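The values are calculated or read from the model by the stated rules, or taken from the named source; none is laboratory data. Please read all numbers here as calculations on a predicted model, not as lab measurements. Neighbour counts run over all protein chains shown; Cβ positions are idealised from the backbone, glycine included.
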Amino acid sequence: MPIVYLVIPCYNEEKVLPETNRRLTEKLRGMVQAGMADEQSRILYVDDGSRDKTWELIRAYHEADPMVRGVKLAHNRGHQNALLAGLMTAMKDCDCAISMDADLQDDVDAIDQFVAKFLEGCDVVYGVRNKRDTDTAFKRCTAEGFYKFMKFLGADIVFNHADYRLMSRRALEGLSEYREVNLFLRGIVPLIGYRSDYVYYDRHERFAGESKYPLKKMLSFAMDGVTSFSVKPLKMISNLGMLISVLSVLGLIYALISYFTHNAVAGWTAIVSSIWLLGGLEMLCLGVVGTYIGKIYSEVKARPRFRIEENLGETDKSA
Ligand code: UDP
Ligand code: MG
């Protein structure tokens, strides 16, 4: 039986936490009794520097029930970092960890399917939303547009998958090798590799409290996703520069024709053609510089370049 950890980042969640804790402990206890999870399984709350009573609640739950654990971050570091902190804490003690939001938007009953897939041998199981009708039309459009844009930019992310997922211990160990500071877990997890599968679930409305992702945070999250996983925007500058340089030749021809047909004011031809040409060249150069910066960027991130999944004939020296 696997030791299952449920990792829940919480930021000012005092309103929903009592209900969340009630449902999760009930769920996990049920799984232990049904023989689906080991007795060592835990719920791990990560308090992301909340300013309300979240941590007091977590502490009380822990004291009342050994099935609940908690870690407290020294200050608010954002959802992704809080989640990472939780996963790295869980990694040491679990066989698999499931991350979910504190607000009960992710269907708690899907956990069984996650664990079932894990037992079938999957290292990563992605929770994918069936439909988004509980989100506002605005959130739905922006979110789906974002997934499509990321795909276009060449980042391998799972459509309509947020951070509701299961990771095995070795997938977590893989994750721990990614040392980047601009963390965008949805993009990194597929890079870890290993066998993966999907679980489909209905996304509910937030149980209580309000979203901790206002538009501003959402935008910067999306920006982070794009700039952490793609250097395509830099290439686009190069391409644009190239295009403008080519257009400048046409502009030059047009300017010369105007000059010879005496339709141009004196001096106009030289000014117009040089503006185009220089603009294009400048952008092209910027793009070239950008391409090198892009390379430096990926070198600095020092992501692991490969991961061995199986090694036949390996001699175990530790034994
Ligand atoms: N969260 C966090 N730190 C933050 C913001 C959010 O740990 O700075 C947590 C929050 O408590 C919740 C999860 O991240 O468990 C998702 O946040 P939320 O539900 O507000 O986002 P939404 O579902 O509206 O996108
Ligand atoms: Mg939410």
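Pick out the one residue from R170, R140 that is assigned to a helix (DSSP H, G or I), surrounded by 13 or more Cβ atoms within 10 Å (Cβ to Cβ), of a type outside the set (G, A, S) and within 16 Å of ligand 2 (Cβ to nearest atom).
Working: R170 fails: within 16 Å of ligand 2 (Cβ to nearest atom).
Criteria check complete, one pass: R140.
Within the stretch 234-270, the set of residues being loosely packed, with under 14 Cβ neighbours inside 10 Å and modelled with pLDDT under 85 comprises H262, N263, V265, A266, G267, W268, A270. The condition (being among the hydrophobic types (A, V, I, L, M, F, W, C), surrounded by fewer than 22 Cβ atoms within 10 Å (Cβ to Cβ), more than 16 Å from ligand 2 (Cβ to nearest atom) and in a loop (DSSP other than H, G, I, E, B)) is satisfied by just one residue among A60, A85, A74: A74. For the stretch 155-166, the criterion of being closer than 29 Å to R29 by Cα, more than 16 Å from ligand 1 (Cβ to nearest atom) and not in a helix (DSSP H, G or I) is satisfied by at least one residue. Per the conditions (1) buried (at least 16 other Cβ atoms within 10 Å of the Cβ); (2) touching a residue at least 40 places away in the same chain (Cβ under 8 Å), the sole criterion not satisfied by D65 is (1). Per the listing V125, V181, the residue uniquely in a loop (DSSP other than H, G, I, E, B) and either within 16 Å of ligand 1 (Cβ to nearest atom) or among the hydrophobic types (A, V, I, L, M, F, W, C) (or both) is V181. Look at the stretch 101-122: where a residue is closer than 14 Å to Y198 by Cβ and a partner is within 16 Å of ligand 1 (Cβ to nearest atom) and among the charged types (D, E, K, R), sitting 6+ places away or on another chain with Cβ atoms under 6 Å, you get D107/D202.
For the condition in contact with a Pro (Cβ under 7 Å, 6 or more places away or on another chain), of a type in the set (A, V, I, L, M, F, W, C) and touching a residue at least 40 places away in the same chain (Cβ under 8 Å), what is the one hit in A97, A90, A82? Even if it seems obvious, please write down each step before you answer.
Numbers: A97 fails: in contact with a Pro (Cβ under 7 Å, 6 or more places away or on another chain); A90 fails: in contact with a Pro (Cβ under 7 Å, 6 or more places away or on another chain).
So the residue among A97, A90, A82 that is in contact with a Pro (Cβ under 7 Å, 6 or more places away or on another chain), of a type in the set (A, V, I, L, M, F, W, C) and touching a residue at least 40 places away in the same chain (Cβ under 8 Å) is A82.
Checked against the criterion of being touching a helix residue (DSSP H, G or I) at 6+ places or on another chain (Cβ under 6 Å) and not in a helix (DSSP H, G or I), the stretch 217-235 has at least one qualifying residue. Which residue pairs have Cβ atoms closer than 6 Å, lie 6 or more positions apart in sequence or on different chains, and pair a first residue in the stretch 162-184 that is of a type in the set (A, V, I, L, M, F, W, C) with a second residue that is crowded, with 19+ Cβ neighbours inside 10 Å and assigned to a loop (DSSP other than H, G, I, E, B)? These pairs meet every condition: A171/D123. Among the residues of the stretch 203-227, the ones that are in contact (Cβ under 8 Å) with a residue 60 or more places away in the chain, more than 14 Å from ligand 2 (Cβ to nearest atom) and not aliphatic (A, V, I, L, M) come to 1 in all. Evaluating K212 against the criteria (1) surrounded by 17 or more Cβ atoms within 10 Å (Cβ to Cβ); (2) assigned to a helix (DSSP H, G or I); (3) within 16 Å of ligand 1 (Cβ to nearest atom) leaves one unmet condition, (2).
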